[in-house]
Each structure stands twice: as C-alpha cells, then as structure tokens.
1. 5 Å is the cut-off here: which amide hydrogens, built 1.01 Å from N in the peptide plane, fall below it relative to Leu104, excluding neighbours closer than 5 in sequence?
2. What nm distance separates the two modelled labels at Tyr45 and Lys70, each placed 7 Å from Cα along Cα→Cβ?
3. Could you run the Karplus curve 6.51 cos²θ - 1.76 cosθ + 1.60 with θ = phi - 60° over the stretch 49-55 and give me ³J(HN,Hα) per residue in whole Hz, x for Gly and Pro?
4. Short version: ³J(HN,Hα) in whole Hz for each residue of the stretch 95-106, in order, from phi by Karplus 6.51 cos²θ - 1.76 cosθ + 1.60 (θ = phi - 60°), x for Gly and Pro, what are they?
5. Quick one: Karplus J couplings for the stretch 87-94, per residue in order, coefficients 6.51, -1.76, 1.60, θ = phi - 60°, nearest Hz, x for Gly and Pro?
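Throughout, read-outs are computed from the coordinates displayed, never taken from laboratory work. Just so you know, these numbers come straight off a predicted model, no measurement behind them. Note that we place each Cβ from the backbone using ideal geometry, even for glycine, and neighbour counts take in every protein chain shown.
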Amino acid sequence: MRSLLILLFFFPAFAGAQINRSAKELATEKIQEYILNKLFKNKQYKPVSYGELKPTGGKNSEIVWMIAHKFEITEGGENSFKKSPKVQQPYKFLFYMNEKMRVLKAETSYSN
C-alpha cells in the first residue's frame, strides 16, 4: 500500500520528464534538419552537444523555446582547381523555436 502511494506521488514527475525528453528529441531533429537544409547545404555535419531546452517566457512573441547547440562542419576538400585539406570548423548557435518546435531564428553565440 505504501509503495502504491509513493508511486502515485512520483508519477506526475516521471510523466513530465518523459514529455521534456520527447520535446528535446524533436527539437534536436528539427535543428539538424534546419542546419543541413538552410545553413550549411552539402556540408558534413557532426553534432557535438545540445544545451537544455528552455522556455523563453515571451508572452506576446511567437518564439517559445530556445536551445544552444555546438556542432562541427567539415569545410574544404576537393576544389575544381586544387585539393585543399578538410577542416572541422566548430560552431555554437542559439536556436529559437515556436510551440511546434519549428526553428524560427538561429544566431551565432560567441560565448563559451
């Protein structure tokens, strides 16, 4: 009986954690799609880390969520005239999304 009460007490926290995890997974998929289709077409993309998915708190804004993302883009390689070495270029961006996790804005973050 006691274990049932404890389980019922903690169930909302477990359900909330699952919803947050699913939202972050959806956000990471949308960010990867945005990077490969809009920012760096035909480049090799390697995710490094994702920050925490945070609400922005703007009541009148279309932007609802924000997440930081570090990644690397491979630049260089074969050119039509000469071969240049491939270089992994690190980037850190802040992505701003609406309530449906569609990326609305991306900006470079220069802080560590």
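1. Tyr96, Met97, Asn98
2. 1.9 nm
3. Result, ordered by residue: 7, 10, x, 7, 6, 10, x Hz.
4. 10, 10, 10, 8, 5, 9, 6, 8, 5, 9, 8, 9
5. Using θ = phi - 60°, the values come out as 10, 7, 9, x, 9, 9, 10, 10 Hz.
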